[in-house]
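Data block below; observations after.
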Amino acid sequence: AVLPGAVLLGMARFDLAQARLAGSQEGVNLVLLGFDLLYFLVLLPVMLWAAARLVPLAAVIVNERRGVGAIRRSFALSRGMSMKLMGVLILYVVVFLVVLTAATSVVGIVARLLAGADGATVVALAVALATALVTAAFSVLQAVFAAQFYLAAREAHDPA
């Protein structure tokens, strides 16, 4: 789904390296760039909706062993909950980014102070370790949420 946007971005001659450096963009086709921006603005909520509907997918695969039918079951279990799940996913991303930024900033500053001017490798290793720890913790949190949602949705969808 992202590939057409990436191709359109290339056709517009937009230079990502220059954009990262806040440099000027020479020869950019603004019409194509505008269509690309519009494409991604439409794609974002669609992808967020699909992600919300697929929240219980891993739990369905593990617990029910339905094969490809697990996607249909995931959609059935999340029916009527799309907007709430989208809100939870947005909140999850915001909290994750805040915690990740805070952790890597603090660890990077402390490692830089301890390692000195010549300790770039030590600082990079410490920041990578902090990133891995935060990512692992949030991955567990995400899996637990998906499993809890699956149990609640299954109970509501298939009363015993």
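The values are calculated or read from the model by the stated rules, or taken from the named source; none is laboratory data. Since the model is a prediction, treat every value here as computed from it, not as a measurement. Methodologically, a virtual Cβ is constructed for each residue, glycine included, from the backbone with ideal geometry; neighbour enumeration extends over all protein chains shown. Surface accessibility is based on the protein's heavy atoms, side chains included, excluding ligands, DNA and RNA. Shrake-Rupley method; radii C 1.70, N 1.55, O 1.52, S 1.80 Å.
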It is to be established whether one or more residues within the stretch 109-116 are over 23 Å from residue 60 (Cβ atoms), over 23 Å from the mean Cα position of the chain (by Cα) and not in a helix (DSSP H, G or I).
yes
Subset of the stretch 128-160 [of a type in the set (Val, Ile, Thr) and open to solvent by 40 Å² or more (accessible area, probe 1.4 Å)]
131, 135, 140, 144
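Of all residues being free of Cβ contacts under 8 Å to residues at least 12 places away in the same chain and charged (D, E, K, R) in the stretch 56-78, which is surrounded by the fewest Cβ atoms within 10 Å (Cβ to Cβ)? Just the residue, please. Before you say what the answer is, go through the steps one by one.
Initially, the stretch 56-78 is screened for residues free of Cβ contacts under 8 Å to residues at least 12 places away in the same chain, giving 61-62, 64-69, 72.
Among the residues that remain, those that are also charged (D, E, K, R) are: 64-66, 72.
Details: 64: 14, 65: 9, 66: 13, 72: 11.
Per the stated criteria, the residue is 65.
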Quick check: is even one residue across the stretch 66-79 of a type outside the set (Val, Ile, Thr), at pLDDT below 95 and on the phi > 0 side of the Ramachandran plot?
yes
Taking only pairs six or more apart or across chains, which ones have beta-carbon atoms under 6 Å, a first residue in the stretch 127-150 that is within 12 Å of residue 92 (Cα to Cα), and a second residue that is of a type in the set (Phe, Trp, Tyr) and part of a helix (DSSP H, G or I)?
138/96
Within the stretch 117-160, count every residue that is acidic (Asp, Glu) and not in a helix (DSSP H, G or I).
2
Only residues in the stretch 85-101 that are open to solvent by less than 60 Å² (accessible area, probe 1.4 Å) count as the first member; pair them with residues that are of a type in the set (Phe, Trp, Tyr) and in a helix (DSSP H, G or I), Cβ under 6 angstrom, at least 6 apart or cross-chain, and list the lot.
96/138
